[in-house]
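For reference, the structure is listed below as structure tokens.
The values are calculated or read from the model by the stated rules, or taken from the named source; none is laboratory data. Remember, predicted model here, so these are calculated numbers, not experimental data. For neighbour counting, all protein chains shown are included, and Cβ atoms are generated from backbone atoms with ideal geometry for every residue, glycine included.
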Amino acid sequence: MSKEQDNYSEIIRKLVPISELPAQVQKEIIKKAKIIEVRKGGFVFKQGDKDEFSYYCLEGEIELLANEQQHNVIVGGTDRARYAMAQLQPRQLSAKARKKAVIFQISRDILDKLVVIQEKEQTDNNEFGGFVAVEEVDIAEMEGDVDWMTRILQSELFSKIPAANIHALFAVLEPVEFKAGDNVVTQGEPGEHYYIIQEGSCQVTRKPSSGDKDIKLAVLKAGDCFGEEALIAETTRNATVSMITDGILMRLNKDTFIDLIKKPTLHSLTFNEASILVSGGKAEWLDVRFKNEHEDSAITGSRNIPLNMLRLQIDKLDRNKHYIVYCDTGGRSSTGAFLLTGMGFNVSFLQGGLVNNSQAVVVTPKPEPAPAPAPPQPKPKAEPVKEAPDAQPPEQSQRAEKDGPISTVDEITRQNIDPVVKSSMLEAELEHTNMRLRKAANEIQKTDDEFVKKMQEEVERRLQEERGKIEVAKKAAEEEARRLRTQEEAKIRKMQEEAARKMQEEKKQLEAIYSRNAEEMEKLQHLRKEAEQKLQAEKERLELEAEEAKANLAEAQRVKKEVEASKKLLEKEALKSRKQQEELEKKIIREAQGKLDVERRKMAEQFSSNQKELELAKRERVAADAGRKAAKEEADRIIAEYKDKHEKDKIYAEQQLKAERLKLEEEQQKIQTMLMEINRAKEEVEATRKSALEEARRLKEKQEDHEITSSKIAQDTLKVELKVAEEKINKANKDLAQVQQAQVKVIAARKINQEGLIKQTVIEEEVRKQLEVDLADFRE
């Protein structure tokens, strides 16, 4: 898995139908897919295209267009993006990137087949009433299951099988367990099943006719298949397959194999169709009979590889060629065609074989044996005729005849094969018998030997018997074939009626869909006209704006220079402003200090006045003491007046000090409020300035890109936007300077006010203590 695939793996796992698959299958899909980056304006696919992929939008925006008109917009990460874009073939819409987009591409064939596997597993669960046992699962086993299924689905054979057949195939596959050493199929036994190895390994062996030790032919592993030859050719097993290790094989019965695998993968041709391809250089004949059969009769220009050697000599064939396989009856050729199809070759087989295409056969004449040299002495007349050098004794001849056609006919008659094939095989055997009879007659004509004539009569008698048996067997086979054909025709008629009924239902559905589509098309035509009108108006507006932008280009460049100059000037003014702020702060502090000194002097004068009055009171008290003896009543009056006056002075002084404190506290509150407002204004100005700087930076980067790729109009528009952004920056800088200046003033005022409050507190405390001392002295 690449880094890009890993980055988007979580998004991919949510796509439909990938989200319904197990994690291991999802991982397999991600590995087999591609991540594509599409730049702005690029096309993922175009209307009318034909391809084998499904596309999903992982990131960015994709605009779906019909006849260059917007139909829909798909945004990566949304729920709509979980579904493949515009699946119908040929493509009904174009997919264009509105901005840079990331696309997920996966083969529809691979995706469909992996979905079929998952649906099969769900079907197995449903057969048990929906109850699924939960147990620990070994990850290695899970990966093994996926591996053997993946190997099968990626094989050349299964690539030619329709997805519906694969679905049905996995639904009927039967798992069977075998132990090491078990024979799965045995040579010579009839074939009833087709096998796929899920787990374990097997070996293929064959016992030679000589009875020697078994010959090891091949080793099969998980994902390999076997057993098809006997099923296709309707023959017995030609080899033994045994388990090397313990394992599990998926088994398919004969009828299901023929319906789901054989029929969709095998392609037959008539002799005329095949001859046209061969004569045009588009195909080559391949004879899969034995060498001696090929030498006896063959199609001109054909290549000969016996069926039992086909796997071993596969390297002799060209994978770029189309091979037409043939044999006598079609049995071996269909098997060979199936094997080659599974190996990735383009293969057909001759329909009916050579026995039904007599015009295809060229019989190769055999050279006559050289006559034996004559003895020098003359032949005695009275001696009996001696056997010719090539003549066979009667026992040998009879044995040859007996071991030849008679055993062949009996074997064909006993075999449980298709009646049509059996009839063809018997007909071929009959023709072969006639050829042998004619050949024997020709040889007999060469001699008038009485013994040979007797042998001819015996051979002819036996051949006539064989011909009779063949005719009887042929008639029985033809009768069986007619019966089966009648049954098959009835079955086909029933299927045709069912298909016609389904077609009528689908026709009604399609008519309803067509009606809805017609209404939608009418709406789309109306929307298209409106869009064309809007497009024309937009085009005229853009042309006008382009002219205006062109006229403003020089102005934009001039403004840019002015902005740069004003920026430098603003920096100088900011430096000057900071110096002025420092001077202003010092001035404010001096002025505030002067005001504070004035207030302090006033307080000192007030205090001095109070002190004088206190001294006067002391003197009056002394006078009162002196006159107390003479006038006690007068003294009491003076004391009362003094106390009253002293109390009033104390209240007045406290009120004055309290009023001064309240005034300072109010000023402190106002200063604090102003400072908060200034700080808030400063934050707003700084945010505005930061936003303007960011906008200017973005526009400059965009301007640099557009100077290379964009039109002059777009560049002019960017320059105007850049000028506006720089004006915002200048205004923000000025506002910030003003706010900073106001902040300095308020901070200085707050500092002075705080010092005044502290001094006021000290004065109040001193006055309070002095009044208490004076009052205490007076009481004494």
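Go over the candidates L169, L231, L157, L217 one by one and state the one that is modelled with pLDDT under 75 and not acidic (D, E).
Residue meeting the stated conditions: L157.
Go through the range 716-740 and give me each residue that's under 20 Å from R697 (Cα atoms) and charged (D, E, K, R).
Matches in the range 716-740: D716, K719, E721, K723, E726, E727, K728, K731, K734.
Going residue by residue through the range 170-187, is there one that turns out to be assigned by TED's automatic domain parsing to the domain that holds K221, small (G, A, S) and under 17 Å from L231 (Cα atoms)? Even if it seems obvious, please write down each step before you answer.
Taking the range 170-187 first, the residues assigned by TED's automatic domain parsing to the domain that holds K221 are 170-187.
Subsequent filtering for residues that are small (G, A, S) retains 171, 180-181.
Next, from what is left, pick out any that are under 17 Å from L231 (Cα atoms): none.
No, because not a single residue in the range 170-187 is assigned by TED's automatic domain parsing to the domain that holds K221, small (G, A, S) and under 17 Å from L231 (Cα atoms).
Please work out which one of (1) exposed (fewer than 13 other Cβ atoms within 10 Å of the Cβ); (2) assigned to a helix (DSSP H, G or I) is the condition K282 fails and give its number.
Status for K282: all satisfied but (2).
Condition first: of a type in the set (D, E) and part of a helix (DSSP H, G or I). Now tell me which residues in the range 325-359 satisfy that.
Hits for the range 325-359: nothing passes.
Keeping to the range 1-19, report how many residues are assigned to a helix (DSSP H, G or I) and surrounded by 13 or more Cβ atoms within 10 Å (Cβ to Cβ).
7
Do we have F257 as closer than 19 Å to R151 by Cα, surrounded by 16 or more Cβ atoms within 10 Å (Cβ to Cβ) and modelled with pLDDT of 80 or more here?
Yes; evaluated as a whole, the condition is true for this residue.
In the range 20-42, which residue that is surrounded by 13 or more Cβ atoms within 10 Å (Cβ to Cβ) and of a type in the set (K, R) is farthest from E63 (Cα to Cα)?
The extreme case among them is K27.
Go through the range 158-233 and tell me which strands (runs of 3 or more DSSP E), entirely inside it, have 1 or more residues that are exposed (fewer than 14 other Cβ atoms within 10 Å of the Cβ).
Working: elements: 174-178, 183-185, 193-199, 202-206, 215-220.
Ranges flagged: 174-178, 215-220.
Among A84, A97, A33, which is touching a residue at least 24 places away in the same chain (Cβ under 8 Å) and over 30 Å from W148 (Cβ atoms)?
It is A97.
I'd like to know if the range 277-285 contains one or more residues that are β-branched (V, I, T) and within 18 Å of I197 (Cα to Cα).
Taking the range 277-285 and keeping what is β-branched (V, I, T), we get 278.
Restricting the remaining residues to those that are within 18 Å of I197 (Cα to Cα) gives none.
For the range 277-285, residues β-branched (V, I, T) and within 18 Å of I197 (Cα to Cα): absent.
Test A86 against the stated conditions and say whether it is at pLDDT below 90, within 22 Å of K14 (Cβ to Cβ) and crowded, with 19+ Cβ neighbours inside 10 Å.
Answer is yes for this residue.
So that you can scan it fast, the table gives a plain yes or no per residue for (1) over 39 Å from the mean Cα position of the chain (by Cα); (2) in a helix (DSSP H, G or I); (3) modelled with pLDDT of 75 or more; (4) surrounded by fewer than 10 Cβ atoms within 10 Å (Cβ to Cβ):
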position: K494; (1), (2), (3), (4): yes, yes, yes, no
position: E498; (1), (2), (3), (4): no, yes, yes, no
position: Q504; (1), (2), (3), (4): no, yes, yes, no
position: L524; (1), (2), (3), (4): no, yes, no, no
position: R528; (1), (2), (3), (4): no, yes, no, no
position: E547; (1), (2), (3), (4): yes, yes, yes, no
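List the pairs whose first member sits in the range 303-315 and is assigned by TED's automatic domain parsing to the domain that holds L286, whose second member is exposed (fewer than 14 other Cβ atoms within 10 Å of the Cβ) and at pLDDT below 85, and whose Cβ atoms are under 8 Å apart, counting only residues at least 6 apart or on separate chains?
Between residues of the range 303-315 that are assigned by TED's automatic domain parsing to the domain that holds L286 and residues that are exposed (fewer than 14 other Cβ atoms within 10 Å of the Cβ) and at pLDDT below 85, the close pairs are N304/K291; P306/K291.
Suppose the filter is in the same structural domain as E564 (by TED's automatic domain parsing), out of contact with any Phe, Trp or Tyr (no Cβ under 7 Å at 6 or more places or on another chain) and within 23 Å of L722 (Cβ to Cβ); does L699 pass it?
Yes, satisfied.
Would you pick out the residues in the range 168-212 that are of a type in the set (D, E, K, R), more than 32 Å from the chain's Cα centre (by Cα) and under 16 Å from I244 (Cα atoms)? Spell out the reasoning first.
Taking the range 168-212 first, the residues of a type in the set (D, E, K, R) are 174, 177, 179, 182, 189, 192, 199, 206-207, 212.
From what's left, more than 32 Å from the chain's Cα centre (by Cα): 177, 179, 182, 189, 192, 206-207, 212.
Correct list: E177, K179, D182, R206.
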